[in-house]
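The values are calculated or read from the model by the stated rules, or taken from the named source; none is laboratory data. Quick caveat: nothing in here was measured; it's all calculated off a predicted structure. Glycine gets a Cβ as well: all are built from the backbone with ideal geometry, and neighbour counts include every protein chain shown.
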Amino acid sequence: MENNPENSQPSEEWENEEEIAGRHEWTVEETQAGERIDKYITEQLSEQSVSRSQVQDWIRIGAITVNGGTVKPNSKVTAADRIVVNIPAPEPLQAVPENIPIEIVYEDSDVVVINKPRGMVVHPALGHPNGTVVNALLYHCKDLSGINGVMRPGIVHRIDKDTSGLLMAAKNDMAHASLAAQLKAHTVTRRYVALVHGVMQHDKGTIDAPIGRDTQDRKLYRVTDKGAKHAVTHFMVLERFDEYTLLDLKLETGRTHQIRVHMKYIGFPLVGDPVYGGKSGRTLDMTGQALHAAILGFEHPRTGEYLEFAAPIPEDMEHSLTILRTR
């Protein structure tokens, strides 16, 4: 790899061990040559749930070196390159604790499982600086893993703002790494209940269709072959109504907006989905999309015991089903 000519000297900034939370070293293999360095490192650290944007930030501040010198985020690796990552120690906390009522389903010294209400954002971001799950967890837990940075402490996975249900968070880095590895290996049980438009004729089935960003709107996702990731959703019919179907959905992969995109793709969009739904769910007196993370199961990071939790669907969703059953 060609190092940045403007700043190709070895970085001395990361020699102080107090500034480093972790250190990783790799040698690039022939089969990996030609990949962008930010993509390469993200894949190497996938079990720690490190985002590509986080890796890019580390590159910009000199925490990542290749053959002893700094590089640019879009640089490409070559065979035999020696890559060193000095993960910076957590910065002073930016997300602030807030005394927000939150339903804790399970908690110990390693993990916490909550039942997130519909309408609540998981972590702070532009447009949602507070009032999030992270703000609530910081107040109630005091001890969350710092792997995902100061704005997403403890967050291993997420569910959409307008999706309710079970979410797990890590309270230390060991637990974070374990839960992230289970997600990557597809051994975490994630089952959802959804009400969709249309009457589905098949009792059960599998949607195996890759998902990538929509080229017309980068905020959205769609089934596509371009820049897409493998995505699999299993479904089973629970109940059928005149114009709707209640489904049990099991995630094999966990892509952004996966269930919403897959259901739209097969012609059964979620009731109340403001983006992918296509039809209004107001006639059912619901305040958001009819998607609920009902069951979550995983191996405890420390004991190895399999834990599984269930959360009932929201009241307005249950009320809508009662109306449909009496029609």
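Some values worked out for this structure:
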item: Restricting region 158-186 to residues that are among the polar types (S, T, N, Q) and over 23 Å from Val237 (Cα atoms), the residue that is surrounded by the most Cβ atoms within 10 Å (Cβ to Cβ); result: Ser178
item: Enumeration of residues in region 104-122 that are at pLDDT 95 or above, crowded, with 19+ Cβ neighbours inside 10 Å and farther than 14 Å from His292 by Cβ; result: Asp110, Val111, Val112, Val113
item: In region 154-200, the residues that are farther than 17 Å from Thr303 by Cα, of a type in the set (A, V, I, L, M) and in contact with a His (Cβ under 8 Å, 6 or more places away or on another chain); result: Ile155, Val156, Leu167, Leu183, Val193, Ala194
item: Some residue of region 240-253 being in a loop (DSSP other than H, G, I, E, B) and closer than 30 Å to Glu107 by Cα; result: yes
item: Answer from Lys72, Lys39 - the residue that is surrounded by 14 or more Cβ atoms within 10 Å (Cβ to Cβ), at pLDDT below 95, basic (Lys, Arg) and in a helix (DSSP H, G or I); result: Lys39
item: Condition broken by Ile100, with the remaining ones in (1) part of a loop (DSSP other than H, G, I, E, B); (2) in contact (Cβ under 8 Å) with a residue 40 or more places away in the chain; (3) surrounded by fewer than 23 Cβ atoms within 10 Å (Cβ to Cβ) satisfied; result: (2)
item: Matching residues in region 311-327 - criterion: being surrounded by fewer than 19 Cβ atoms within 10 Å (Cβ to Cβ) and in contact (Cβ under 8 Å) with a residue 60 or more places away in the chain; result: Leu324, Arg325, Arg327
item: Among residues of region 204-219, those that are surrounded by 16 or more Cβ atoms within 10 Å (Cβ to Cβ) and not in a strand (DSSP E or B), counted; result: 2
item: Residues being farther than 25 Å from Ala185 by Cβ and either touching a Lys or Arg at 6+ places or on another chain (Cβ under 9 Å) or part of a strand (DSSP E or B) (or both) - total across region 42-69; result: 8
item: Complete set of residues in region 259-288 that are assigned to a helix (DSSP H, G or I) and modelled with pLDDT of 95 or more; result: Ile259, Arg260, Val261, His262, Met263, Lys264, Tyr265
